[in-house]
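The values are calculated or read from the model by the stated rules, or taken from the named source; none is laboratory data. Treat the numbers as computed from the prediction; the structure is a model and nothing was measured. Glycine also receives a Cβ, built like all others from the backbone with ideal geometry; neighbour counts cover every protein chain displayed.
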Amino acid sequence: MSIVGVDIGGTFTDLVAFRDGAVVTSKTLTVPADPTRGIADALKRADCDLAALHELIHGSTIAINTVLERKGAKAALVTTQGMRDVYAIGRGNRPDAFNLFFHRPRPLVPRELTFELAERMNAAGEILVPLNEAAVAALAEPLIAAKIEAVAVCFLHAYANPAHEVLAGAVLRRLLPKVFVTLSHEILREFREYERTSTTVLNAFVGPRVSRYLDRLEDFAKTSQFRGQIGIMRSNGGTMSVGEARRAPVAMMESGPVAGMIGAGRVATLLGIERAIGFDMGGTTAKASLIAGGVPPIEEGYVIGDAFSGQPMQLPVVDIVEVGAGGGSIAWCDQLGGLHVGPVSAGSDPGPACYGRGGEKPTVTDADLMLGRLNEARFLGGHMQLDRQRAEAALGELGRQLGLDAVATARGIATIVDSAMSLAVRAVSIKRGIDPRETTLIAFGGAGPLHAVGIAREISIPQVIIPKLPSAFSALGMLMAEWRQDFVRTLVGELGRVDADLAAATFAELRAAGEAALARDRLDGGRFNFAADLRYRGQEHTIPIAVATARDLTSATAGTRARFDALHDQRYGHAAPDQSIEIVNLRLVVTVPRMQDTIGRWLSQPWRQEGAAAEQFRPVVFGDAAHPITARILWRPHLATGCEIVGPALIEEANSTTLIWPGDLARIDSMGNIIVSLRKDEDQE
């Protein structure tokens, strides 16, 4: 089977293809005006004929960027009478208590575009006030007058019975055929009115833009005579069909970054690492995720943007912390003379100053080039020549505001960006009770290997691993992603006392939904895994516990209780076996394996040295900007298994560079990974 994974980032488009038992890669600049051009360029550079491939897996940042930039559709919200302000009010807590400038999440739909309809279900799904079809039809005129592009429908208790939403959706779709209509029960069937409303609005907000993008993708595939299947990466680490992505684009929010964490988990498993931190630094952002037992954690709640004031999304998402720090992040000086880096990025157009494409502002890439850490002749595998003079000019202009020369400014930029990214690594380790000294950093992304050791030194991580193909590692991870669909139904009751018929019916409903999803995408061999969200009575938050049948919640509950008590003790340090346990939700995850075993075998293949070449040397700035150190320059394909390199050194490859600090030891293991062991002393001259 021939398959290709394409990851479109804010700066670069990465491609990894598996064909005829071999892996081929390429990397090109992203074309913001038409990302499919970047795909075409990457396919051409990799000498891949799309028509000869069986499957295309694709990840993109279009959905999350639409929200962060607030460039989505003009949307309206339709809700139950009396519930108009639920979305604007949000939660009553103040999570950032000491921030004088704190503000609640700003709604993507203003109050004047929120409409109420007289209807009511109770929490059991029983109709109290029927919905009037004529009242729904009457909304068409004001929606047209307001030039609405998308409508979100979220009725109270629609998770229990979606009949009114189904009726409203049918009427609106008939009267407004060009408007993107999304219904809350089509996205998730779970209680929590505010989060469910926010998730539905997010889906409507990004829907039109994502739909247009998917149309271009399908047109490109058709023009290229591609007859295989297109899979879109989901935020939960699985894939979905284009049709599902068009219906629920909110599931694409972390489409690209999660794939790299899947690959990092596989590397951790191959190397027997129980606890690792996946670190991905690209051109626009840096991401980190804690990986335990080879599996990135999945959270049921997520916030897009700032943790306190961002947009809540109640869908399963691989737990990733992201910061606006990448190779293209722009350095700038505030009014008080302070140096900052990001979050604004130069992207691919015009890009960093050293790209020679019109960019004039200094970026992290310009700083790395100025510090001697990048080889201007080998960037993008030699397909792009970096311009050191332009980088020096941009850094010099900023340096004049700071009273520093270009090299000292570059050193300051590198220090600040490493500190910023270390905060993301801290957020998935120290802030969650994990000692980073007991973890291993697995670094990838175009700029990840260049900055990983510096970040590890910042927070005392003793070991860094650079896997094969680090620059295109997220695209490689896409080839290992399973097809995955998540389903949830709210089921409230006491463990052991919940209504047996209701529990059995909920299991049956979820199974039917999973089977329908498999049939819709013409798949078979799906794996069905059920779990129940449980909590001690009186608690707010839940823990998902694996269950197999309704009996695990009704009559044969001893195993379920034991698993919950044990996991609660592991997570919170205590358990209460004598307390009653409450069921909140029932979940189903349906998966279909793809090529994770095949790509896993490729990752574990013995490393083969490709020729040999004489070492090079050049001055590189590590600590003191005024005193660069002569470092060894090595070409990664030329290094043999077991080879050991003591820093200072740079290990270059086609699309990435690994920086080895003075005194640190790098070793090439039997699978070709670079294992960097940091020296224990604190001298970092």
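A few notes on this one:
- Q335 being surrounded by fewer than 16 Cβ atoms within 10 Å (Cβ to Cβ) and in a helix (DSSP H, G or I): no
- Condition check for I581: in the same structural domain as A500 (by TED's automatic domain parsing) and in contact (Cβ under 8 Å) with a residue 40 or more places away in the chain: yes
- Residue within the stretch 583-591 that is surrounded by 19 or more Cβ atoms within 10 Å (Cβ to Cβ), of a type in the set (K, R), outside any helix (DSSP H, G or I) and within 27 Å of the chain's Cα centre (by Cα) present: yes
- Criterion applied to D334, D306, D349 was being closer than 27 Å to V67 by Cα, outside the structural domain of D34 (by TED's automatic domain parsing) and in contact (Cβ under 8 Å) with a residue 24 or more places away in the chain, and the one residue passing it is D349.
- Among the residues listed as A88, A97, A134, A123, the single one being at pLDDT 95 or above and either within 36 Å of the chain's Cα centre (by Cα) or surrounded by fewer than 19 Cβ atoms within 10 Å (Cβ to Cβ) (or both): A134
- Residue in the stretch 491-514 that is in contact with a strand residue (DSSP E or B) (Cβ under 7 Å, 6 or more places away or on another chain), under 18 Å from E300 (Cα atoms) and not in a helix (DSSP H, G or I) present: yes
- In the stretch 653-676, the residues that are of a type in the set (D, E) and crowded, with 19+ Cβ neighbours inside 10 Å: E653, D664
- Here the strands (runs of 3 or more DSSP E) wholly within the stretch 84-194 that include at least 2 residues being among the small types (G, A, S) are 150-154.
Yes/no per residue for (1) among the hydrophobic types (A, V, I, L, M, F, W, C); (2) over 18 Å from V676 (Cα atoms):
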site	(1), (2)
F617	yes, yes
H627	no, yes
A649	yes, no
A654	yes, yes
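- Residue tally, condition touching a strand residue (DSSP E or B) at 6+ places or on another chain (Cβ under 7 Å), within 17 Å of A406 (Cβ to Cβ) and surrounded by fewer than 20 Cβ atoms within 10 Å (Cβ to Cβ), over the stretch 619-647: 2
Conditions tested, residue by residue: (1) surrounded by fewer than 22 Cβ atoms within 10 Å (Cβ to Cβ); (2) of a type in the set (S, T, Y); (3) outside any helix (DSSP H, G or I).
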site: P350; (1), (2), (3): yes, no, yes
site: T365; (1), (2), (3): no, yes, no
site: L369; (1), (2), (3): no, no, no
site: A377; (1), (2), (3): yes, no, yes
site: L395; (1), (2), (3): no, no, no
site: A410; (1), (2), (3): no, no, no
site: A420; (1), (2), (3): yes, no, no
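- Subset of the stretch 540-574 (residues that are free of Cβ contacts under 8 Å to residues at least 12 places away in the same chain and either aromatic (F, W, Y) or in a loop (DSSP other than H, G, I, E, B) (or both)): E540, H541, A556, Y572, G573, H574
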